[in-house]
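Let me begin by presenting the structure, written as structure tokens, before commenting on it.
The values are calculated or read from the model by the stated rules, or taken from the named source; none is laboratory data. Just so you know, these numbers come straight off a predicted model, no measurement behind them. Positions of Cβ are backbone-derived with ideal geometry, glycine not excepted, and every protein chain shown enters the neighbour counts.
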Amino acid sequence: GGFPVGSTINACTKGLWVWSEPVEATGPDGTPMRVLVVDTEGIGALDASPDHDMRVFTLALLLSSCVLYNSVGAIDEQALSNLSLVANLTKRVRVSA
């Protein structure tokens, strides 16, 4: 099972894909929890605009308490730029408890 993964830079995911059932997990303090797994298309897809990337990642950030960033190959200037975009989005999206 899982989300499809391609061996090229061509996108497999369009928009946001949500796993059909929550994954049972245990928090660091031993508390049982359910994890909702969401996959997003990559930043900078050839057929997407920067505005589209911003909207997809903003929605992902709003749905998430933890975000994993996956990069193909070495961390280069483009990867740092993408991470900067995500970091700046997190500054704009704040939740008060």
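Some notes on this structure:
- Test: residue in the range 32-44 that is at pLDDT below 80, surrounded by 10 or more Cβ atoms within 10 Å (Cβ to Cβ) and over 9 Å from the mean Cα position of the chain (by Cα): yes
- Selection over the range 52-97 of residues that are at pLDDT below 75 and among the hydroxyl-bearing types (Ser, Thr, Tyr) gives a count of 4.
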